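Engineer: First, the structure itself, so that you have it in front of you.
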Amino acid sequence: MQVFLTFTTRKPECFTKTKIMARYSLITGTGSYIPEKVVKNESFYQTKFYDKNGTPIDKPVDEIVEKFKEITEIEERRYVEDHYNTTDLGYLAALEAIKDSGIDPETLDYIIVAHNFGDVHFGDHKVDIVPTIAARIKHKLGIKNAGTVAYDLPFGCPGWVQGLIQADYFLKSGDASSALVIGAETISRVSDPYDIDSMIYADGAGAAVLQAFESQEPVGIIAHKTRSDTLNHHRLLWMDHSYNPNHKPGELFLKMNGRKVYEYAITYVPLLVKECIEKANVDITDIKKILVHQANGKMDEIILQKTMGLFKIKQYSSDIMPMTISKHGNNSVATVPILLDWVKKHKLGNHAFHPGDYIILASVGAGMNINAIVYKFPQ
């Protein structure tokens, strides 16, 4: 007896491919605080600058300032008000982010505060970080929940982006459902007034609420990458005495090898951003905005140019990279969250985010550390 078996190419219903719900991290609210004290470039015309050897720089100050503007694109910056500190700036940005998200602060699982110098009180250059800035902000927010874990993250200028990355791990693991990530700095209080680089630095704070979200389609934080080049580059930024040999001894100020930082950033930031985009499996043409750390206007433009070059893109819109540095200066960990908040709330010209947009958040700074995130707004 012959037995005939017949097969069909139609897949049984139980084997049809179905999309699986996954857990993602969404930014549901943002906030920022920009100090009211405006310091224009002209404010430095009476300054006596010194070089690293303690020798007065023998050039007209107005020429020094104009050259500085040409290189950095900074026209003015904001300094913290005398009665405020890093904690206050972070608290004010956090209040706005919490209100924007609509979350009950008592339900927050984490408060992560990125900074590098803690509270530096007016007229005193000493760092004050006990208790942590996160603990102080949680206290000011009046949060009673002991389960809201508050801690600080010193990671150079990329600290706030790294805070988002850490929070993303917590949320995706199921350990947490929400996190408040703050970047705050009063860097003007640790900059050497006799050092040309002091004109770069500014103060400010930015914050974002991150919440877990179940979705069949990738959304929110899609991918991230971080690198730390400490072997050969760890002292491109450091703390040292004033360049003015007659200044009060014992005080330490932020110092920077500007040329080496510039070379490092334009070499490695584009490579890391490319790796992050490829990890997210997203086409470069789908990226609508690149929010990069506001360290130096010319440097950021070259970073964008080199990033596009790695993807063989020769023509692109200048609108892809919004900038705040000309008016805000470099406020360290606060630059990226402030950019995010200002674009989200239509405070930066015609820049805007739209449903379904992919954006990049990227930063570089002391360590040397670099990080990047590919983020997708929900439809």
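The values are calculated or read from the model by the stated rules, or taken from the named source; none is laboratory data. Fair warning: this is a prediction, and the values are worked out from it, not measured in the lab. FYI the Cβ positions are ideal-geometry reconstructions off the backbone, even for glycines, and counts take in every protein chain you see.
Engineer: Do you know which residues across region 246-267 are of a type in the set (D, E, K, R) and without any contact (Cβ under 8 Å) to a residue 40 or more places away in the chain?
Structural biologist: Selection gives K248, R259, K260, E263.
Engineer: Related question: Condition test on R189, is it closer than 29 Å to K327 by Cβ and surrounded by 22 or more Cβ atoms within 10 Å (Cβ to Cβ)? Let's see the steps before the verdict.
Structural biologist: Working: closer than 29 Å to K327 by Cβ: yes; surrounded by 22 or more Cβ atoms within 10 Å (Cβ to Cβ): yes.
Here the answer is yes, as R189 does meet what is asked.
Engineer: Return the only residue of E96, E75 being charged (D, E, K, R), modelled with pLDDT of 95 or more and surrounded by fewer than 18 Cβ atoms within 10 Å (Cβ to Cβ).
Structural biologist: Going through E96, E75 in turn, just one is charged (D, E, K, R), modelled with pLDDT of 95 or more and surrounded by fewer than 18 Cβ atoms within 10 Å (Cβ to Cβ): E75.
Engineer: Residue check, G123 against (1) surrounded by fewer than 20 Cβ atoms within 10 Å (Cβ to Cβ); (2) among the small types (G, A, S); (3) at pLDDT 95 or above, all met but one. Which one?
Structural biologist: For G123, the failing item is (3).
Engineer: Against the definition (out of contact with any Ser or Thr (no Cβ under 7 Å at 6 or more places or on another chain), assigned by TED's automatic domain parsing to the domain that holds A135 and closer than 30 Å to I20 by Cβ), how does S188 come out, yes or no? Break it down stepwise before answering.
Structural biologist: Details: out of contact with any Ser or Thr (no Cβ under 7 Å at 6 or more places or on another chain): yes; assigned by TED's automatic domain parsing to the domain that holds A135: yes; closer than 30 Å to I20 by Cβ: no.
Spelling it out, it is not the case that S188 is out of contact with any Ser or Thr (no Cβ under 7 Å at 6 or more places or on another chain), assigned by TED's automatic domain parsing to the domain that holds A135 and closer than 30 Å to I20 by Cβ.
Engineer: Right, next: Tell me, yes or no, whether region 109-120 has at least one residue that is under 21 Å from L164 (Cβ atoms), without any contact (Cβ under 8 Å) to a residue 60 or more places away in the chain and touching a strand residue (DSSP E or B) at 6+ places or on another chain (Cβ under 7 Å).
Structural biologist: yes
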